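Below you'll find the structure, written out as structure tokens, and then a few comments.
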Amino acid sequence: MEEHIIAKDAIDFIDDLKLQKLVAETKEDSGKVRDVIAKSLNKEALSLEETAVLLAAESPALIEEIFEAARTLKKTIYGNRIVLFAPLYIGNYCINDCQYCGFRRSLRTAVRRTLSDQELVSEIENLEKFGHKRLILVYGEHPQYSPEFIAHTVEIAYQVKVGNGEIRRVNINAAPLSVEGFRTVKASGIGTYQIFQETYHRESYAKYHPAGTHKADYFWRLNSMDRALQAGCDDVGIGVLFGLYNWKYEVLSLVSHALHLQKYYNVGPHTISFPRIKPAHGLELQLNYQTTDEQFKRLVAILRLAVPYTGLIMTARESAEIRNDVIDFGVSQIDAGTRLEIGAYQEDRKTKEQQLDREQFKVGDDRDLDEVIRWLISRDYVPSFCTSCYRKGRTGEHFMEFAIPGFIKKYCTPNALLTLSEYLNDYASPETKEIGEKLICKELEKYNIENIKPQLIERLEKVNAGTRDLYF
Ligand code: SAM
Ligand code: SF4
């Protein structure tokens, strides 16, 4: 099917018949799987048909080959950095009634709240005291959360500074806006605009998003990235809420979305997220498509191979064990120290017990930022708070990382080490500081870009002496 215009401004790039056919009729073929893997390792993005070949692999040995390829691609191309961020829930008033969500309007027992400016400042102060530099602000859909309000909250986030702390990149996850609305939030300096289609399958979409709500409009949501890009936003993040429909169909849809954006705007999505449905307040859904851990691993590895120039985000909805298993398959960003209750970063919590009536869903990985950093270091990953590309105007950074030889060594590795060193100096526990400093030494020994290495060493020394925000 050629993409066709459904209504003014609405483009349908999800070819349902084709995707159904690819899922149902592509047969396992080890020769084809290996050809597709070779193409991906040769740094080429995959077509829908090629992605379907990977999805059709069912025998354990072949699946292991796909996992191994995803690990190799991650290691050889992206290296060992993992970017860290925190989500910050601004308000949970919502006019929609998404059947899976703890914020849905029909749930009268949900405790509703929007942070005041002062509360927002306290939340951000605390996030900075933990060591965060990158946030994603999250909003329900409600007239209160207008583009002007969103822009106002983003501006506050950039202004708050405690000690050496500051927020250097603010992304948002908010209901789809008009082109005009996107211009307003872009002007406030947002990094990525992120929104998940939830399910790309029309009938399932209708089932979970009742008619008469804003969110019931499938195309308004499907085309939101187009409007964001038309409004001048540089980075957009797409995603699926796994569990609403067949996972293979959803993976093909994500690839369709990426190919569409690449074709029309010459830029793929900045990130792809793959949340799975988690228990939430008042949630009694019977899910026919709940994605198993095994399927989850497969979908992450296949996305890594299919859309190699896009960042992959694995959220704290997943448990620490699953994150440990899946991170090697090409994940590039994770959240850490995540608290979902509105206002929870201000509260000095004695326990990690969550209050589900105040939040959207249950967190799976409740470790704090320092614990997550320690885990990453123990796995030989370099935790990074880098925001350099976005601030230097190098947008499309994942594409550059992937496509430009030497880009990672020239920019990403030094910036990751500099931001890690800031964290170790300002916020780390003694144990984390100790293993973190060893990791930096080890990384420096390996570092072999002769004209940058002396500058990097000099800047690391400056960070140790108190200078902040040095980057390449
Ligand atoms: N209200 C906006 C929207 O719906 O797009 C933005 C924020 S919403 C709070 C963020 C995302 O959380 C949703 O897009 C959905 O994918 C996810 N979500 C909702 N309920 C969930 C649940 N029970 N478990 C896991 N993720 C959930
Ligand atoms: Fe509202 Fe978003 Fe929850 Fe739907 S997923 S009920 S739009 S907050």
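The values are calculated or read from the model by the stated rules, or taken from the named source; none is laboratory data. Bear in mind the structure is a predicted one, so any value in this text is a computation, not a measurement. Positions of Cβ are generated from backbone atoms using ideal geometry, with glycine treated the same way; all protein chains shown enter the neighbour counts. Accessible surface areas use protein heavy atoms only, side chains included; no ligands, DNA or RNA. Shrake-Rupley method; radii C 1.70, N 1.55, O 1.52, S 1.80 Å.
Structural remarks
- Here the 3J(HN,Hα) profile of region 36-47, calculated from phi with Karplus coefficients 6.51, -1.76 and 1.60 at θ = phi - 60°, is 5, 4, 4, 5, 5, 5, 8, 6, 10, 6, 9, 7 Hz, Gly and Pro shown as x.
- Calculated P(r) tail over 22 Å for region 236-322, as whole % of Cα pairs: 28 percent
- Among the protein heavy atoms, those of C101 account for about 10 Å² of accessible surface (1.4 Å probe, every chain in place).
- For R276, nonlocal amide neighbours, meaning residues 5 or more places apart or on other chains whose placed amide H falls under 5 Å from its own, are F242.
- Alpha-carbon Debye profile of the chain, log10 I(q)/I(0) at 0.08, 0.12 Å⁻¹: -0.45, -1.08
- For region 313-472, the convex hull drawn through the C-alpha positions has a volume of 143 cubic angstrom per residue.
- When only Cα pairs below 8 angstrom with a gap of at least 6 residues are kept, region 53-139 shows a relative contact order of 35 percent.
- Ordering of 332-342, 196-206, 402-412 by burial proxy (mean other Cβ atoms within 10 Å per residue, highest first): 332-342, 196-206, 402-412
- Centroid-to-centroid separation of region 399-472 and region 127-190 [C-alpha atoms, Å]: 27 Å
- Note on region 124-196: along the principal axes its Cα atoms extend 37, 21, 20 Å, ordered by decreasing extent.
- Backbone HN-Hα couplings from phi across region 421-435 [Karplus 6.51/-1.76/1.60, Hz, Gly and Pro as x]: 4, 4, 4, 4, 5, 9, 10, 6, 6, x, 4, 5, 4, 5, 6
- 26 Å Cα-Cα threshold exceeded, pairs from K133/K362; K74/K186; K186/K392; K263/K297; K297/K392: K74/K186; K263/K297; K297/K392
- Ellipticity at 222 nm from helices only: DSSP H runs of n ≥ 4 in the chain, each -39500 (n - 2.57), divided by the residue count, give -13000 deg cm²/dmol.
- Using a probe radius of 1.4 angstrom, the carbon and sulfur fraction of the accessible surface of the chain is 51%.
- Sequence-distant residues sharing a close amide H with T192 (under 5 Å, placed H): N171, I172
- Cα principal axis extents for region 356-447, largest first, Å: 47, 33, 22
- For region 61-77, backbone phi angles converted through the Karplus equation (6.51, -1.76, 1.60; θ = phi - 60°) give residue-by-residue couplings of 5, 6, 4, 4, 5, 5, 4, 5, 5, 5, 4, 5, 4, 4, 5, 7, 9 Hz, Gly and Pro being listed as x.
- Placing unit charges on each Cβ (+1 for Lys and Arg, -1 for Asp and Glu) gives the chain a dipole about its Cα centre, and among A45, A187, A57 the Cα reaching farthest toward its positive end belongs to A187.
- Pairwise Lys count, region 16-62 - Cα closer than 22 Å, eight or more residues apart or different chains: 5
- Close amide H contacts of V83 (hydrogens built in the peptide plane, cut-off under 5 Å, sequence separation of 5 or more or a different chain): Q333, I334, S384.
- Evaluated at q = 0.16 Å⁻¹, the base-10 log of the normalised Debye intensity for region 51-147, with identical point scatterers placed on the Cα atoms, takes the values -0.84.
- With all protein chains modelled, accessible area of I373 [1.4 Å, Å²]: 0 Å²
- Kirkwood-based Rg to Rh ratio, region 32-97, C-alpha trace: 1.21
- Extent of region 244-378 along its three principal axes (Cα atoms, max minus min coordinate, largest first): 49, 39, 29 Å.
- When the alpha carbon gyration tensor of region 77-117 is reduced to an equivalent ellipsoid, its three semi-axes come out at 32, 15, 7 angstrom, largest first.
- Measuring nothing but how far apart in sequence close Cα pairs (under 8 Å, 6+ apart) lie, relative to its length, the chain scores a relative contact order of 19 percent.
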